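The values are calculated or read from the model by the stated rules, or taken from the named source; none is laboratory data. No experiment lies behind these values; they were computed from the predicted model shown. All Cβ positions, glycine included, derive from the backbone under ideal geometry; neighbour counts span all protein chains shown. Keep in mind that these areas ignore ligands, DNA and RNA; they rest on the heavy atoms of the full protein, side chains included. Shrake-Rupley method; radii C 1.70, N 1.55, O 1.52, S 1.80 Å.
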Amino acid sequence: ADGVDPAEAARADTVAALPDAVGSDGSENLDSCDRWQLLAKYKTVQALVAAVIREKTDEQLHSLRINVILEDILAKAGGKVTMAELLQEKDEFISASMTAVPKELSRRLLRAVKKPPAAAGRPSQIDSQCVQKTYLLTFSNLDPVNAPTREAILETVLRAFDTADYGSTACVTHACVFREQHGSGKWHFHVATALSEPCRSVRWKKQLVKAGYVAHFANMAIDDHSKHRKMQYAHMLRYLWLPSEHKGLSALDKDPLLWCCGGRKHPPLLDAINGALDSAAVEEKVAERFLQRWAAGKRGPCKFSDLELWPIAMQLGLQADDPVLLAKLLQHGRNSGNERLLTYLFRNSGSIREKVGMCCALETCDQVVADAQTTTWKRFTSALDQPCCCDRTWAPAAREILRNNGIDEGELCQHLRCALLSGLQKKGDVLCFTGSGNEGKSFVLKPLSMIFQRVSWRGTFPSHALWFSIFPELEIIPQELLRDKSEVR
């Protein structure tokens, strides 16, 4: 009733009825051995498996393993059961999965056959079992006299999602509110939403009903040849903002409301309709553009753009400083038959390293920005969780260098810690290594350069000093650039 998922309800009832597997003190519950006797084992296992597989895609169901099912159940059980207890009934879960997975695939096939597909680029019907990261909400038949504002609709949608309690990590990341007018004179609102993680619409829809609104949930139908599943939100904006044969320019909303979480600014619609780009999306758009040209009767190749180099560089794992960079690209173009790439390389061989460097920067820009917004000390301590990259050889060699130069290890570590905590200041001490060349100054501080990645050289001279400004990069500068050497230690 009311769109409630029977499998989800059965799972919730099952989990709620089981005793805690772990006590409040962290010890295992001694009565846990009796938990499977509380309910009919077969029905319990069936309900748990059915709830898990409903959230899987068709591709995931075809390659589903029993360990994945057990791990998902354990994650959703909220401490009601342990993995050891699930493994005790592994045969039961295998039997249930062999029945439930084909049944679920059959249900989806029948639903797809019975329901006529929506035209590409238009809203498509969904059912209560769909788990998505994007939803197009429609509020219809609102009286213009008493209709709410765009801001009120957005506030209601966001509050309803928060009240639905999808978890602390789930949130609405982007939203756009469009208002249009029916032929009858009444208004309807379209709200395109993007979420941080996939969610079902049932609980969200119920909270909107409690708030006094009936919303229709849909997604966008995309061309069969396109793989842009990440482009759902962008396709929603295209449908609502761009004129078409169904909606003229005069019928579109001239002043839609754009919203983004965390106080950030929503991208302009002119950019947002293209979606968030990654190397895979660029590759797919190139293929889609080729198909569109071919369908229009244009058989000749189009020009190879700089951006098309991005997916190729990521596929080959290229770096700008690779000594055989050009040879790898030529080999790839020749072996794959990419004539456009070969023509591009002949024309841009002198600047190809710079362009590959830009592609690498595109791939890592999110991490670079996140690092720049993280304190130096936190970045330093978070490196402790990373695997060793020197096979435990750096520490003994560094200690030997310090002993040979008469430097106390504890004192040096204390100075490094103070420098990392305080950062670069206008007035204060600067930690500086001085001496002739090839004494191990750079080697001792090499772990810091591995953590902070970027190293810039301001100059060299026979007796140079290694100095580092803690944020945002390591720098090596001549000793004479330090204004007051009396403050250097």
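Placing +1 on the Cβ of every Lys and Arg and -1 on the Cβ of every Asp and Glu, with nothing else charged, gives segment 249-333 a dipole about its Cα centre of roughly 360 debye. Once backbone amide H atoms are built at 1.01 Å from N, Gly435 has His464 as its partners under 5 Å, excluding neighbours fewer than 5 places away on the same chain. Annotation: per residue accessible area for segment 260-377 equals 64 Å², rounded to a whole number [probe 1.4 Å, protein chains only]. For the pair Val324 and Asn146, how long in nm is the line joining their label points, each one 7 Å along Cα→Cβ? So the label points at Val324 and Asn146 sit 7.6 nm apart.
Judged by the gyration tensor of its Cα atoms, with axes a ≥ b ≥ c, segment 144-221 is prolate; a/c meets the 1.5 cut and a/b is the larger of a/b and b/c.
Using only the Cα atoms of segment 353-414, build the gyration tensor, take square roots of its eigenvalues as a ≥ b ≥ c, and label the shape rounded, prolate or oblate: rounded if a/c is under 1.5, else prolate if a/b is larger than b/c, else oblate. Taking the square roots of the gyration eigenvalues as a ≥ b ≥ c, segment 353-414 is prolate. Summary of packing: across the peptides 295-301, 49-55, 98-104, 396-402, the per-residue average of other C-beta atoms within 10 Å ranks them, highest first, as 49-55, 98-104, 396-402, 295-301. Counting only protein heavy atoms and a probe of 1.4 Å, the accessible surface of segment 328-379 is 53% carbon and sulfur. Among the GluC sites (Glu not before Pro) in segment 251-289, none is located in a DSSP loop while being surrounded by at most 15 other Cβ atoms within 10 Å of its own Cβ. Evaluated with a Cβ-only charge set (Lys, Arg +1; Asp, Glu -1), segment 209-361 carries a dipole of roughly 160 debye about its Cα centre, given to the nearest 20.
Ranking Thr138, Ala192, Ile126 by how far each Cα lies toward the positive end of the dipole of segment 124-231 (charges on Cβ) leaves Ile126 at the top. Please compare each pair in Lys186/Lys210; Lys76/Lys265; Lys56/Lys80 to a cut-off of 29 Å on the Cα-Cα distance and tell me which ones are over it. From the list (Lys186/Lys210; Lys76/Lys265; Lys56/Lys80), the Cα-Cα distance tops 29 Å for Lys76/Lys265.
Among Leu341, Ala327, Ala372, whose Cα sits farthest toward the positive end of the charge dipole of segment 279-427 (+1 at Cβ of Lys/Arg, -1 at Cβ of Asp/Glu, about the Cα centre)? Ranked along the dipole, the leading option is Leu341. Relative to the Cα centre, the charge distribution of segment 298-439, modelled as +1 at Lys and Arg Cβ and -1 at Asp and Glu Cβ, gives a dipole magnitude of about 740 debye. For Phe346 and Leu242, the difference between the fully extended length at 0.36 nm per residue and the C-alpha to C-alpha distance is 33.5 nm. Distant-in-sequence amide contacts of Tyr213, defined by a placed amide H-H separation under 5 Å and a gap of 5 or more residues or a different chain, comprise nothing. Accessible area of segment 129-175 with a 1.4 Å probe: how many percent of it is carbon plus sulfur? Answer for segment 129-175 is 48 percent, counting heavy atoms of protein chains only.
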